[in-house]
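What follows is a set of notes on a single structure, which appears directly below.
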Amino acid sequence: MPKQIPEQELEAILAIVAAHPEGVRAGTIHEGLEFKLPPRMLQRRLALLVGQNRLIAEGRGRGRRYRAPMGSGKGVGVLPALRAEAHGETYVPVSSEGGEIRQAIRQPVQNRQPVGYNRSFLDSYRPNETFYLPEQTRQRLLDMGRSTDDLRPAGTHARQIYSRLLIDLSWNSSRLEGNTYSLLETERLLELGESAEGKDALEAQMILNHKAAIDLLVEHADEVGFNRYTILNLHALLSENLLADPGACGRLRTIAVDIHGAVFHPLELPQLIEEAFQQVLDTAAAIRDPFEQAFFVMVHLPHLQPFEDVNKRVSRLAANIPLIRGNLSPLSFVDVPERAYVDGILGVYELNRTVLLHDVFAWAYERSCARYSAVRKSLGQPDPFRLRYRDMLAEIVSEVVRRGKGKKEAIEFIRQSARQRVTQEDRARFVEIAETELMNLHEGNIARYRLRPSEYIAWRSVWE
């Protein structure tokens, strides 16, 4: 009788595959397993999972890749789809526990138990003894995020990629707050000071505030930290001209606040807010691992709600403090779906459970590393999405250049093309990639789009 394969081994394989929604090779799966498994045994387990329709195999030989099936979590230890099955929405791969949290906080508000701020959730955390991120995850993120500047002064790596980081982080963090600026519109605003037509002035203010906050973190990387000066000033910069009470910028709140769509009620007494705020800072400062430190503040700053508003934005920027100081790839929240992020935060608010937010955080960091060319070799494979739309992207880029379109015209042209030719679920990412291709166009890569130097030079004068 054949020996039964332990289900936990299959679950471990599925978890690694789910973390690579675009597909992953057997060698990368083998490296990611916490236990030793000979390559031939791994191949048998992969074949079994494919036979059970729990994995999909694509390609042949050494190029063979495995990915999780879309739209079904049956028999899988993770929810592998980039699309939430019942809602048709873009999501990220989540663990079994993360899926449970998502299901719990997706219940109608009237079915969820109202809760207040739980101080014991913070009190129970012991720096360098308690860990929200497993050791394997922390090590994986470190391997991804390392740069060649790790021995140079704090902030060196961030300064080298500053232009890209500024646009990415400003746009993505604002997008997670519902900001409707496109990537290209964000670039125009940050580089030229031009607001997009038809957009609310508050959206432009939000993005410009991010620029000021990022400047603080990068320019003063050797001085910022988890202290009152840094966090209060981050809030002041991020909330400038956005609060009903200008005096609340950079100050801890003294009024009660509500969380829309949640059954969570934050602390109300100013003295208790002050005490917990200082405890969050002291605890964060004592954590040695940069990723645990980053994730801790993403959990506890929003949970405390120390400010009248803009708490999540402060936590996202503050999460970058240890990464920038350590010359690690920053976390710019590239491709992170707003709903997945909000679900993770609600899981913290209402359940004091961090796993769903951890799933989002780890996936987001992997995507950010890919953006800054600091990922493990498996992520260096061609992007299937780009391959699928390769011809269309090249056509759009060349059309923008040959017709001499400026940034404003290009934005509308890309959006119109996407509406006409790209499926709704792919539209947002297609627009982002097309805008990124134009932003990265230079004389050394124009042949890719069959453009002549004279065409590029003529267009560049209009573009800039």
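The values are calculated or read from the model by the stated rules, or taken from the named source; none is laboratory data. Just so you know, these numbers come straight off a predicted model, no measurement behind them. Counting neighbours? That spans all protein chains shown, and the Cβs are built from the backbone with ideal geometry, glycine included.
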On the basis of being of a type outside the set (S, T, N, Q), over 21 Å from L122 (Cβ atoms), in the same structural domain as Y349 (by TED's automatic domain parsing) and crowded, with 16+ Cβ neighbours inside 10 Å, does L232 make the cut?
no
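Being part of a loop (DSSP other than H, G, I, E, B) and more than 26 Å from the chain's Cα centre (by Cα) is the filter; apply it to the stretch 105-116 and report the residue that is nearest to F264 (Cα to Cα). Spell out how you get there, then give the answer.
We begin by selecting, within the stretch 105-116, every residue part of a loop (DSSP other than H, G, I, E, B); these are 106-108, 112-114.
If we keep only those that are more than 26 Å from the chain's Cα centre (by Cα) too, we end up with 108, 112-114.
Numbers: P108: 14, R112: 10, Q113: 9, P114: 6 Å.
Checked the stretch 105-116; the qualifying residue nearest to F264 (Cα to Cα) is P114.
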Which number in (1) part of a helix (DSSP H, G or I); (2) closer than 30 Å to D282 by Cα; (3) in contact with a helix residue (DSSP H, G or I) (Cβ under 9 Å, 6 or more places away or on another chain) marks the one condition that E191 misses?
(2)
In the stretch 27-41, the residues that are in contact (Cβ under 8 Å) with a residue 12 or more places away in the chain and over 31 Å from the mean Cα position of the chain (by Cα):
L37, P39
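Residues checked against (1) outside the structural domain of Y365 (by TED's automatic domain parsing); (2) modelled with pLDDT of 80 or more; (3) surrounded by 18 or more Cβ atoms within 10 Å (Cβ to Cβ):
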| site | (1), (2), (3) |
| --- | --- |
| I56 | yes, yes, no |
| R60 | yes, no, no |
| G73 | yes, no, yes |
| V76 | yes, no, yes |
Just name the residue that is nearest to R67 (Cα to Cα) out of those in the stretch 365-392 that are among the aliphatic types (A, V, I, L, M) and at pLDDT below 70.
L379
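In the stretch 297-356, what residues are under 23 Å from V224 (Cβ atoms) and either charged (D, E, K, R) or not assigned by TED's automatic domain parsing to the domain that holds S163 (or both)? Talk me through it step by step, then tell me what you get.
Here is the first cut: in the stretch 297-356, the residues under 23 Å from V224 (Cβ atoms) are 297-334.
Answer for the stretch 297-356, where residues must be under 23 Å from V224 (Cβ atoms) and either charged (D, E, K, R) or not assigned by TED's automatic domain parsing to the domain that holds S163 (or both): E308, D309, K312, R313, R316, R325.
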From the option list S174, S120, single residue qualifying as loosely packed, with under 15 Cβ neighbours inside 10 Å, in a helix (DSSP H, G or I) and either at pLDDT 95 or above or assigned by TED's automatic domain parsing to the domain that holds H20 (or both) is S120
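Going residue by residue through the stretch 288-308, is there one that turns out to be over 23 Å from R353 (Cα atoms), more than 22 Å from the chain's Cα centre (by Cα) and not in a loop (DSSP other than H, G, I, E, B)?
Residues of the stretch 288-308 that are over 23 Å from R353 (Cα atoms), as a first pass: 308.
Now restrict to residues that are more than 22 Å from the chain's Cα centre (by Cα): 308.
Then drop every residue that is not not in a loop (DSSP other than H, G, I, E, B), which leaves none.
For the stretch 288-308, residues over 23 Å from R353 (Cα atoms), more than 22 Å from the chain's Cα centre (by Cα) and not in a loop (DSSP other than H, G, I, E, B): absent.
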Mind listing just one residue for me: the one in the stretch 200-246 that is among the aliphatic types (A, V, I, L, M) and part of a loop (DSSP other than H, G, I, E, B) and, of those, nearest to N179 (Cα to Cα)?
L242
Can you name the residue in the stretch 265-279 that is assigned to a helix (DSSP H, G or I) and within 29 Å of the chain's Cα centre (by Cα) and is also surrounded by the fewest Cβ atoms within 10 Å (Cβ to Cβ) among such residues?
Q278
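Would the stretch 145-167 turn up any residue that is aromatic (F, W, Y) and in contact with a Phe, Trp or Tyr (Cβ under 9 Å, 6 or more places away or on another chain)? Write out each step before concluding.
To start, the set of residues in the stretch 145-167 that are aromatic (F, W, Y) comprises 162.
Right, trim to in contact with a Phe, Trp or Tyr (Cβ under 9 Å, 6 or more places away or on another chain) and you get none.
Within the stretch 145-167, none of the residues are aromatic (F, W, Y) and in contact with a Phe, Trp or Tyr (Cβ under 9 Å, 6 or more places away or on another chain).
One line per residue, one yes/no per condition, for (1) in contact (Cβ under 8 Å) with a residue 40 or more places away in the chain; (2) among the charged types (D, E, K, R):
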position: V422; (1), (2): no, no
position: D426; (1), (2): yes, yes
position: E432; (1), (2): yes, yes
position: E437; (1), (2): yes, yes
position: L441; (1), (2): yes, no
position: R448; (1), (2): yes, yes
position: Y456; (1), (2): yes, no
position: E464; (1), (2): no, yes
State whether one or more residues within the stretch 358-371 are in the same structural domain as S315 (by TED's automatic domain parsing) and touching a strand residue (DSSP E or B) at 6+ places or on another chain (Cβ under 6 Å).
yes
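Could you tell me which residue of the stretch 143-161 is nearest to the chain's Cα centre (by Cα), considering only residues that are under 16 Å from A213 (Cβ atoms) and buried (at least 19 other Cβ atoms within 10 Å of the Cβ)? Step through it out loud before you land on a result.
Taking the stretch 143-161 and keeping what is under 16 Å from A213 (Cβ atoms), we get 155, 158-159.
Going one step further and asking which of them are buried (at least 19 other Cβ atoms within 10 Å of the Cβ), we end up with 155, 158.
Details: G155: 20, A158: 17 Å.
The residue in question is A158.
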Can you give me the ranges of the helices (runs of 4 or more DSSP H) entirely in the stretch 403-464 with at least 3 residues that are under 18 Å from D335 (Cβ atoms)?
424-439
For the subset of the stretch 309-338 comprising residues that are among the charged types (D, E, K, R) and either farther than 28 Å from N118 by Cα or assigned to a helix (DSSP H, G or I) (or both), which member is modelled with the lowest pLDDT?
D335
Right, R164: of a type outside the set (A, V, I, L, M), in a helix (DSSP H, G or I), over 21 Å from the mean Cα position of the chain (by Cα) and modelled with pLDDT under 95 or not?
no
Taking interchain pairs and intrachain pairs at least six residues apart, which have beta carbon atoms under 7 angstrom, with the first residue in the stretch 385-409 and farther than 18 Å from E432 by Cβ and the second among the β-branched types (V, I, T) and in a helix (DSSP H, G or I)?
G404/V462; G406/V462
Looking only at the stretch 131-165, how many residues end up being among the hydrophobic types (A, V, I, L, M, F, W, C) and under 24 Å from A340 (Cβ atoms)?
6
Confirm whether T180 is at pLDDT 90 or above and part of a helix (DSSP H, G or I).
no
Being surrounded by 14 or more Cβ atoms within 10 Å (Cβ to Cβ) and within 18 Å of the chain's Cα centre (by Cα) is the requirement here; does R140 meet it?
yes
Exactly one of these conditions fails for V299: (1) under 17 Å from Y125 (Cα atoms); (2) out of contact with any Ser or Thr (no Cβ under 8 Å at 6 or more places or on another chain); (3) among the hydrophobic types (A, V, I, L, M, F, W, C). Give me its number.
(2)
Checking F131 against (1) free of Cβ contacts under 8 Å to residues at least 24 places away in the same chain; (2) within 23 Å of V360 (Cβ to Cβ); (3) in a loop (DSSP other than H, G, I, E, B): exactly one of these is not met. Which one?
(1)
